[in-house]
Amino acid sequence: MTMQGDAYLKCIDPQCGLEYPIESTNVQCDKGHLLDVKYKKTPSTNLKDVFSNRRNPQGSIFNESGVWRFRELLNFCQIDTENIDECSKYLVSLDGAEGRQSKPYQMSKAAEFVGISSNNLWLQPEGYNPSGSFKDNGMSTAVTHAKMIGAKKIVCASTGNTSASAGMFAANEGINCDVYIPAGQIAPGKLSQAYQFGAQIIEVDGNFDDALKQSLEDAQNHEGYTVNSINPFRIEGQKTIPFRALEYLNWESPDWIVYPGGALGNTSSCGKALMELYEWGWIKKIPRIAVINSEGASTLSDLYNGKFEGEELRWNKGKPNTDLITKYYDHLDKEGIRPKTKATAIQIGRPANILKGLRALEFTNGVATTVSDSEMLDGMSVVGLNGFDCEMASGASVVGIKKLMDEEIIKKDDTVVGILTGRQKDAMLPVDYHKNPENKFAIPPKS
Ligand code: F0G
């Protein structure tokens with residue numbers, strides 16, 4: 001039994017508002033704006049109990065999955081979500097592993113480092129996904145849509161984790177996968193995953209922004225299905241990251257949810273999740289989103305905080321000053337400024353989801369800031385000392401919280417959820433960090 005027409009695509013620009021059927025593969029409206037998946041029905045808050053009961057999966061991989069456990073809140077396939085046979089026909093899952101092991105944890109050493117009570121800090125390791133990053137949340141849903149429309153090939157550009165995730169799901173589903181990577185600029189552990197899963201690597205002489213441009217063009221010309229986060233179905237799956245956090249907090253909103261910022265897919269999906277939950281009456285309080293850029297790739301933070309031409313860029317109720325963004329990119333090009341950070345995952349100069357990101361920050365009264373490479377390494381390392389693994393870009397969440405606490409933007413008794421986006425795939429980074437006794441958390445080797 002399908003619910004015809006409950007889900008559709010809609011342009012995010014309120015002045016434009018073009019709509020498309022759910023089978024559309026456009027990642028933009030005809031005027032070039034980003035799209036949202038929209039649902040006509042309001043999901044009942046009784047589903048909170050259903051989701052909780054599914055944590056005893058009773059033999060269903062769609063209950064085991066930390067993504068599909070919440071399937072009523074992302075039912076763009078418009079299927080009967082209780083019918084497991086129907087779920088198996090439509091929903092793409094790596095045997096229920098996506099999102100299964102990620103939930104918020106308390107980490108006392110990280111809490112001490114950032115200066116907050118251990119009870120108030122929750123860190124959610126999304127690296128404990130089957131391909132080792134948060135991407136699996138959104139890839140399972142994007143590939144579900146690819147399968148729904150009969151795509152034979154998925155395509156992405158990547159700083160590494162997207163390609164690993166896309167390659168994994170493509171291999172599991174028996175479809176082809178092309179990945180465009182900035183040559184020499186991705187962590188070896190991520191590159192090897194893409195090869196291992198049989199993806200076709202296309203090396204681009206440039207950075208991630210160049211790779212994305214080329215992959216979008218090639219996808220269009222060669223009938224590839226794009227699975228980067230500008231694909232609105234990626235965003236649907238990534239909503240489950242805040243869903244899981246909120247569920248573990250009994251749907252009591254924290255004061256803050258903190259993410260590293262790259263292409264701003266996470267920021268966008270968290271914003272959309274919170275907008276929907278609030279509109280549906282599932283949460284009463286709106287957590288504030290904090291986005292942490294690297295100092296070397298700080299587009300959002302620069303524009304949001306008025307560091308370029310003195311204007312603080314805002315969503316402005318759907319009328320953002322997009323000329324300012326264009327001018328900023330022209331300025332980067334003219335000055336030859338390229339994004340530069342050792343946290344290659346977030347070495348991104350042109351965040352493709354910037355407008356959705358701004359909308360998320362406006363809805364949540366959010367903030368954006370930057371941290372340095374050495375701070376991110378400290379953040380990564382203190383997570384390790386709690387027995388959890390994360391990569392350098394994820395360290396941004398931890399030190400970002402510390403910075404915002406030091407600036408008294410996050411208050412001492414606020415409750416904070418920080419997302420640790422990926423596990424360590426750059427094996428020598430911790431080795432080099434610990435070998436240098438100058439580093440804050442270093443435990444140098446003895447001989
Ligand atoms: N953290 C990690 C570990 C990432 O891999 C990424 C993005 C981000 C944070 C930034 O997230 O784009 O949602 O703001 N990695 C992409 C990739 C770009 O290709 O793997 P965002």
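Less than 9 Å Cβ to Cβ from residue 38, Lys/Arg counted +1 and Asp/Glu -1: what total charge do the surrounding residues give?
0
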### Cβ-based charge dipole, the range 360-431, positive-most Cα from 379, 424, 404
424
#### Entry: HN-Hα J in Hz across the range 242-253 - Karplus 6.51, -1.76, 1.60, θ = phi - 60°, x for Gly and Pro
x, 4, 5, 4, 5, 4, 5, 9, 6, 6, 8, 5
### Query
GNM on the chain, C-alpha springs below 10 Å: top fluctuator among 214, 15, 124?
15
### Query
Cα-Cα over 18 Å: which of 135/425; 109/446; 103/402; 425/446; 403/435?
109/446; 103/402; 425/446; 403/435
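Using a probe radius of 1.4 Å on heavy atoms only, what accessible surface per residue do you get for the range 153-242? Whole Å² is fine.
Dividing the accessible area of the range 153-242 by its residue count gives 34 Å².
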### Task
For the range 108-226, calculate the relative contact order in percent as a whole number, restricting contacts to Cα pairs under 8 Å that are 6 or more residues apart.
24 percent
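If you take the square roots of the eigenvalues of the alpha-carbon gyration tensor of the chain and sort them as a ≥ b ≥ c, do you get rounded (a/c under 1.5), prolate (a/b over b/c) or oblate?
rounded
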### Task
Show 248, 225 ordered by accessible area, largest first, where the area counts protein heavy atoms only and the probe is 1.4 Å.
248, 225
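To the nearest 20 Debye, how big is the dipole of the chain about its Cα centre, given +1 on the beta carbon of each Lys and Arg and -1 on that of each Asp and Glu? Walk me through the intermediate numbers first.
Working: 48 positive and 56 negative charges, 126 e Å.
Taking the Cα centre of the chain as origin, the dipole is about 600 debye.
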### Query
About its Cα centre, what dipole magnitude does the range 378-443 give when the only charges are +1 on Lys and Arg Cβ and -1 on Asp and Glu Cβ, stated in debye to the nearest 20?
120 debye
### Message
Let me check I've understood the local charge: for residue 124, count other residues with C-beta under 11 angstrom from its C-beta, Lys and Arg +1, Asp and Glu -1. What total comes out?
### Response
+1
### Query
Roughly how many Å is it from the Cα centre of the range 1-52 to that of the range 331-377, as a whole number?
27 Å
### Query
What is the range 17-151 by shape, rounded, prolate or oblate, if you read a ≥ b ≥ c off the alpha carbon gyration tensor as root eigenvalues and call it rounded for a/c under 1.5, prolate for a/b larger than b/c, and oblate otherwise?
prolate
### Reach of residue 440 by Cα under 15 Å, taken over aspartates and glutamates that are not fewer than 8 positions away in the same chain
112, 373, 375, 378, 432
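Take the solvent-accessible surface of the protein heavy atoms, probe 1.4 Å, and return the percent of it on the range 340-413 that carbon and sulfur atoms account for.
Carbon and sulfur: 51 percent of the exposed surface of the range 340-413.
For the range 118-217, what % of the accessible area comes from carbon and sulfur atoms, probe 1.4 Å?
46 percent
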## Note on the structure
Under the Karplus relation with 6.51, -1.76 and 1.60 and θ = phi - 60°, whole-Hz ³J(HN,Hα) for the range 285-293, x at Gly and Pro, equal 10, 9, x, 8, 8, 10, 10, 10, 8
### Task
Pop out the ³J(HN,Hα) list for the range 97-112 in order, Karplus 6.51 cos²θ - 1.76 cosθ + 1.60 with θ = phi - 60°, rounded to Hz; leave Gly and Pro as x.
7, 5, x, 5, 9, 9, 7, x, 10, 8, 10, 5, 5, 5, 5, 4
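List, in the order given, every pair from 319/340; 307/334; 10/317; 38/213 whose Cα-Cα distance in the structure shown is over 19 Å.
Violating the 19 Å limit, Cα to Cα: 319/340; 38/213.
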## Note on the structure
residue 440 and residue 172 label points (each 7 Å along its Cα→Cβ direction) are spaced in nm at 3.6 nm
### Query
Can you give the relative contact order of the range 168-242 as a percent, counting alpha carbon pairs under 8 Å and 6+ residues apart?
27 percent
### Task
List every residue whose amide H lies under 5 Å from the amide H of residue 367, counting only residues 5 or more places away in sequence or on a different chain, with H placed 1.01 Å from N in the peptide plane.
289, 290, 291
### Query
What percent does the relative contact order of the range 156-307 come to when contacts are Cα pairs within less than 8 Å and at least six residues apart?
18 percent
### Query
Hey, if you put +1 on the Cβ of every Lys and Arg and -1 on every Asp and Glu Cβ in the chain, which of 275, 58, 202 ends up farthest toward the positive end of that dipole?
58
### Task
Show that you can apply the helix-only estimate: for the chain, add -39,500 (n - 2.57) for every DSSP H stretch of four or more residues, divide by all residues, and state [θ] at 222 nm to the nearest 500.
-11500 deg cm²/dmol
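The values are calculated or read from the model by the stated rules, or taken from the named source; none is laboratory data. Just so it is clear, the structure is predicted and the values come from calculations on it, not from any experiment. In this analysis, Cβ positions are derived from the backbone assuming ideal geometry, glycine residues included, and neighbour counts consider all displayed protein chains. Side chains are part of the model used for accessible areas, which takes the heavy atoms of the whole protein and leaves out ligands, DNA and RNA. Shrake-Rupley method; radii C 1.70, N 1.55, O 1.52, S 1.80 Å.
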